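No value in this document is a laboratory result; all are computed from the given coordinates. Keep in mind that this is a model prediction, so the values were computed, not measured. No Cβ is skipped: glycine too gets one built from the backbone with ideal geometry, and neighbour counts run over all protein chains shown.
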Amino acid sequence: MVATLFTLLLIAAVAFFQFRLEALVSLNGVLEHQIETLDQQSRSQLETSIGQNLELKKIAQMNTQLNSMQQTLNQIPGARMDDWKLAEVEYLLRLANQRVTLQHELSGALALFDAANKILAALDDPGLINVREKIAEEMLALGREGQLDRQGIYTQIQALKTQIHQQIQPPATFTQVSDESENQQPETLLQQLSSLVHIRYSEDAFDAPLNAQQYQILEHSLLLMLEQSQWALLKADQSLYESSLDSAIGWVNKKLRHKQAQTLSKNLVELKNIDIQLHIPDVSASLSLLRQTLNDRTYRPSINTKKAEVSSASTEQAL
C-alpha cells in the first residue's frame, strides 16, 4: 500500500516536472522570438536613423551652399535691385559733406542728409540701421550749429549800406562852413565877432568839421568797411568782422556828432556784438560707414567660401 502510494507520488512529481520543463521550453521559444523581433526592430530603427542623419547632413550642406551662393550673389556689385538707391544715398551724403566743409552751407547740407535718410527708410534694410543712426546724430549737430541767421545779418548790413548816405549827412538846421568862407576874411569887426560867436540850441545838431568832399570820402570808406564785414560774415571770420565794424564805428563817432550818426553807430555796435563764428561739425562718419558697408557687400572670394565648396564636393562624392 505504501509502495503503491509512493509510486503514484513519484509519477505525479515526474509529470509535474515534465510539464514545467515543457512550459519553460515554450516560454524560452517565445522569448527568443521576441528577442529576434526586437533585434530586427532595432536594426531597422538604426538603419532609419542612419538614413535620416545622412539626409540631415545633405540638407545642412545644401543650406550652406545656398547661403554661400546667396552671399556671393549679394556681394556682386549691381546684383541687388536696391544698389542704385544706395549709390544715390552715397552721392547725397558726399554732396552734404562738401556743402558743410567747402561752402559752410549747413541748411542745404541738412536737407541733403534728410533726403538720404528718407531713401534708407524706404529700403528698410536692417544692415543700414547703424548708418541711419549716424545720419540722425549728424543732423542734430547741424541743427545746433545752423541756428545763426547769417542771411538776415547780411541783409541788415546791406540795408545800412543803402542808408549810409542819408545817415551821415547833417540835418537841415546844420550850418555848413564852405571852403571859400573859411579862406575869406571878414571885412568889419562886427563880422569878425559874428564868425567867432555862434548861438546854438540844444535841439540843433553840432557843427561837424567836414565839408562836402570829406563827407564823400567818409561815405566811401564806410561802404568799404561794411562790404568787408559782409565778406567776413560769409567766411565766418569773427576777427575780421569785428575789426571792420570797429573801424566803421570809430569813424562815425570821430567824424560825426549828430543824432542820425548816433543811431548809425548804435546799429553798428549791435551788429558787431553778434557771434558769427561758424563751428563746423564733423559729418563724415555716416558717409564712411556707408562706404564700409557697401565695401563689405562687394564680392571678394574668401577662404571660408572655398572650403565650403570643397567640403560640399567631397561630401557629394562620398554619398
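Brief remarks follow.
- Taking only the alpha carbons of segment 1-140, we obtain Rg and Dmax values of 42.3, 139 Å in that order.
- Since only 226, 236, 283 are under comparison, the one whose Cα sits farthest along the positive direction of the charge dipole of segment 206-294, derived from C-beta charges on Lys, Arg, Asp and Glu, is 226.
- Between residue 7 and residue 130, residue separation times 0.36 nm minus the direct Cα-Cα distance comes to 33.9 nm.
- Charge dipole of segment 1-76 (Cα centre as origin; +1 on each Lys and Arg Cβ, -1 on each Asp and Glu Cβ, all else neutral): 200 debye, rounded to the nearest 20.
- About the centre of its Cα atoms, segment 239-303 shows a dipole size close to 300 debye [charges on the beta carbon of Lys, Arg (+1) and Asp, Glu (-1) only; nearest 20 debye].
- Protection proxy ranking, highest mean first, for peptides 285-293, 42-50: 285-293, 42-50, where packing is the per-residue count of other beta-carbon atoms within 10 Å, averaged.
- Comparing 66, 38, 4 along the charge dipole axis of segment 1-76, the residue lying farthest to the positive side is 66, per the Cβ-charge model.
- Pairwise FRET efficiency - residue 223 versus residue 88, Cβ, R0 = 41 Å, nearest 0.05: 0.35
- Peptides 116-125, 9-18 ranked from most to least packed give 116-125, 9-18, packing being the mean of other C-beta atoms within 10 angstrom over each peptide's residues.
- Over 24 Å apart at the Cα level, from the set 235/255; 161/254; 85/235; 235/259, are 235/255; 85/235; 235/259.
- Using the alpha-carbon positions of segment 1-76, Rg (one decimal) and Dmax (whole number) come out as 32.4, 111 Å.
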